[in-house]
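Contents: one structure, followed by commentary.
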Amino acid sequence: MTKNPKPIPKQYTFKNYLALVLPFIISTITTPLLGIVDTALVGHLPNPAFIAGIAVGAVIFNTLYWLFGFLRVSTTGFAAQALDDPLQLRASLIRPIFIAIALGVIFILLQKPIFNGAMLLIKPNAQVQHHADNYFTILIWGAPFVLVNYVFVGWLMGMTKIKAVLFLQVLINFLNIILAIIFVWGCHWDVKGVALASLSAQIICTLLGVWFIYIYLPKTLNKPDLKAMLSWQSLKSVILVNTNLMIRTICLLIVTNHFISIGSSFNTETLAANAVLFQIHYLMAYLFDGFANASSVFSGKAKGTKDIRLYNLTLRWSLWACIICPVILITIWFGFDTAIIKLLTNQQVIIDLCIKYQYWLIIFPVVVAGGLIYYGVFSGISYTSSIRDSMILALIVWLIAQYWFVPMWGNNGLWLSYILFSLARTLFLLIWLPNSKRYI
């Protein structure tokens, strides 16, 4: 006689799924917001080299932290899987913290090669490089704190402690603004003041994160076996999952940097229009990221409880999100397209070019929805080999497409290639969807 299927708890509804989305969107934009705040503050100082130096430094840190943002994503999945097992829940926190601290220390030790390599690529003038160096050499000491904070936020996400996540993310930006105003406008420390403000905010929020972890970490009678938790055998699966996600991010970085590189061969106005449209495309991606994180939490819960019905529900909610997100984005764009563009530039030539190429932004959310949202589903169940392989295949599509279409159609060919890359991310990832149920 077959057993009755496990009933789905009442709290597992699409309404609860949606309740996770907005906090997750807010939490993903913290790192770029820090760079924006820093840039805005020095942008009111008399020397333009200040803002250029901050901008260069922000590019370096955004690239580094984006590359290792997998720590938050993978930790969310592991924590969600371990909700019913206190010992595994502790392990899902301790293992990535160990990796985060190790990576942060490596960043500090290799700070000179990292900075010098970035300068070879960016090639700023001597004055800008001097200010970028001041900014970088201070803020690099925050690397362990930033990466550990990624783990804390990912773990709290997996635990669905949304208020704690929101508090930490809002606080780090609030502290950064207040301290930067004091250090830059009050103490006149210029670029160094901006860097010290960001570093202080990172340290304070990480320490506060320790308090939240202490509150929410399940208390067990058994003392955790750190030696076993940090053994190579136990770390191997965590490292493998994170390595797959890092390869995915590297592929994405190759495409975005190649896009910018090819765009720089066009005239200055087209390059500027592409930069504006690409920033808007990033804002769209943040909306998708909120849905992807919610899918990750629920698919992780399904794996942790071996509840195939909950996993099927998560797949259904993710499908609804793939329909809802593009509709919302396209509706907003049709209603406020010119207004949104004018927020980023007031030059009429660039505005006209953005409007000329804007239809690519209308297509983008339709073709990329599945790739971004189901990415969350797969990361939640730690089925990251599919994420890695689909992104490698999509990268190949990009390389072929831009080779053929850019010479034929110029900037339209460049955007068409990016749309085909985004579509390939979705189609190749969905190939592995039927096989994903074996991981529950």
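The values are calculated or read from the model by the stated rules, or taken from the named source; none is laboratory data. Because the structure is predicted, anything quoted here is derived from the model rather than measured. All Cβ positions, even for glycine, are placed from backbone atoms using ideal geometry, and neighbour counts span all protein chains on display. All accessible areas refer to the heavy atoms of the entire protein, side chains included, with ligands and DNA or RNA removed. Shrake-Rupley method; radii C 1.70, N 1.55, O 1.52, S 1.80 Å.
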Check: Going by the alpha-carbon gyration tensor, a ≥ b ≥ c the square roots of its eigenvalues, is the range 308-432 rounded (a/c under 1.5) or, if a/c is not under 1.5, prolate (a/b greater than b/c) versus oblate?
Finding: oblate
Next item on the list: Using a Gaussian network model of the chain whose springs link C-alpha atoms within less than 10 Å, name the residue from PRO86, PRO96, PRO113 with the highest mean-square fluctuation.
Entry: PRO113
Check: How would you classify the range 251-294 from its alpha-carbon gyration tensor, with a ≥ b ≥ c the square roots of the eigenvalues: rounded for a/c under 1.5, else prolate if a/b is greater than b/c, otherwise oblate?
Finding: oblate
Checklist line | Of ILE400, ILE239, ILE419, the one that fluctuates the most in a GNM where the chain has Cα springs shorter than 10 Å | finding: ILE400
Notebook entry, point to check: Karplus couplings for the range 121-133 from phi (6.51 cos²θ - 1.76 cosθ + 1.60, θ = phi - 60°), rounded to Hz, Gly and Pro as x?
Noted result: 7, 7, 6, x, 6, 4, 5, 5, 4, 4, 5, 5, 5
Next item on the list: Compare the peptides 135-141, 190-196 by average per-residue count of other Cβ atoms within 10 angstrom and give them in order, highest first.
Entry: 190-196, 135-141
Note to self: What are the ³J(HN,Hα) couplings of the range 429-434, residue after residue, when phi is run through the Karplus curve with 6.51, -1.76, 1.60 and θ = phi - 60°? Round to Hz, x for glycine and proline.
What the structure shows: 5, 5, 4, 8, 4, x
Notebook entry, point to check: Ordered by residue, what ³J(HN,Hα) values in Hz, to whole numbers, does the range 355-367 give under the Karplus form 6.51 cos²θ - 1.76 cosθ + 1.60, where θ = phi - 60° and Gly and Pro are x?
Noted result: 5, 4, 9, 5, 5, 5, 5, 6, 6, 3, x, 5, 7
Check: So for SER92, SER385, what's the accessible-area order with a 1.4 Å probe, most first?
Finding: SER385, SER92
Next item on the list: Compute the Cα gyration tensor for the chain, then decide on rounded, prolate or oblate, letting a ≥ b ≥ c be the square roots of its eigenvalues: rounded whenever a/c is under 1.5, prolate when a/b is larger than b/c in the other cases, and oblate in all that remain.
Entry: oblate
Item checked: ASP84 accessible area, assembled protein chains, probe 1.4 Å, Å² -> 120 Å²
